[in-house]
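Okay, structure first, notes after.
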Amino acid sequence: GNNAAEKPKAKADANNADKMQRIGIDRDYTGIQLAIGTTFIPVDKFSSYTFTFSIINNPFVKHNLELGKNTAAIRVKDGSPEFNEHGMVFNPDGSPHYPFLDDEANLFSMDYSVAGQVPINLKRFFVVPQVAPGMGFIFGKSKEYHEIVGGFFFKLSSGAQLGYNISNTLNVFLYGGHQLDVFLIPDPEDEIDKKKSINGFNSRLGVMFVF
């Protein structure tokens with residue numbers, strides 16, 4: 001009886017040991033990821049600090065739930081703050097002038113996305129290129145005017161993870177990539193919400209617990 005029980009365990013141990021030496025697409029890439037990071041949009045002076053929880057139950061699909069703490073430049077129009085849409089104007093001394101940077105907002109966000117990915121094992125290291133569409137909402141108050149600001153948004157991120165297998169059940173990774181956000185901003189003067197698109201850069205540092 002003991003010999004029969006030990007054979008599957010020995011086979012699993014052999015498979016795990018072999019995994020650390022493989023090169024190619026990793027079809028055993030499943031688990032849970034926890035990551036912290038930042039998104040920065042230089043043109044709109046928008047930054048976000050994020051925590052991401054991800055589940056990978058299929059090597060080629062990842063489900064992400066992300067929480068963010070954000071700061072954004074906003075402009076005030078007839079008492080209604082909106083995300084910054086500054087035009088480039090120059091002061092008499094030649095320096096840039098941003099006419100709509102009237103205030104800032106402390107914002108919180110939550111979004112859900114689904115990533116298509118290809119995990120590539122390189123022995124101890126791995127690379128995972130991925131593309132992830134998603135949607136969420138953002139909300140908060142402006143610092144000076146104390147008005148509610150925010151709305152729903154869609155996002156499309158693309159990039160790659162570079163990671164290191166510490167063991168058969170644990171790895172660490174660094175993610176970098178591009179993110180496009182399209183915000184639907186309520187406009188009190190129009191019946192249709194305004195759309196605001198911004199491009200930014202993502203970086204994440206995380207750990208993965210392998211199933």
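Test SER157 against the criterion of being under 14 Å from GLY68 (Cβ atoms), at pLDDT 90 or above, touching a strand residue (DSSP E or B) at 6+ places or on another chain (Cβ under 8 Å) and in a strand (DSSP E or B), and give yes or no. In short, yes. Only one of the listed residues (VAL131, VAL89, VAL76) is at pLDDT 90 or above and open to solvent by 20 Å² or more (accessible area, probe 1.4 Å). That residue is VAL131. Do the conditions hold for GLN21, that is, is it within 19 Å of PRO119 (Cβ to Cβ) and either modelled with pLDDT under 65 or in a helix (DSSP H, G or I) (or both)? Considered against the rule, which asks whether it is within 19 Å of PRO119 (Cβ to Cβ) and either modelled with pLDDT under 65 or in a helix (DSSP H, G or I) (or both), GLN21 comes out as yes. The single residue among SER113, SER167 that is modelled with pLDDT of 85 or more and more than 21 Å from VAL61 (Cα to Cα) turns out to be SER167.
The values are calculated or read from the model by the stated rules, or taken from the named source; none is laboratory data. All values derive from a computational prediction rather than experimental measurement. Virtual Cβ from ideal backbone geometry, glycine too; neighbours counted across all protein chains shown. Just so you know, the surface numbers come from the protein's heavy atoms only, side chains and all, with ligands and any DNA or RNA stripped out. Shrake-Rupley method; radii C 1.70, N 1.55, O 1.52, S 1.80 Å.
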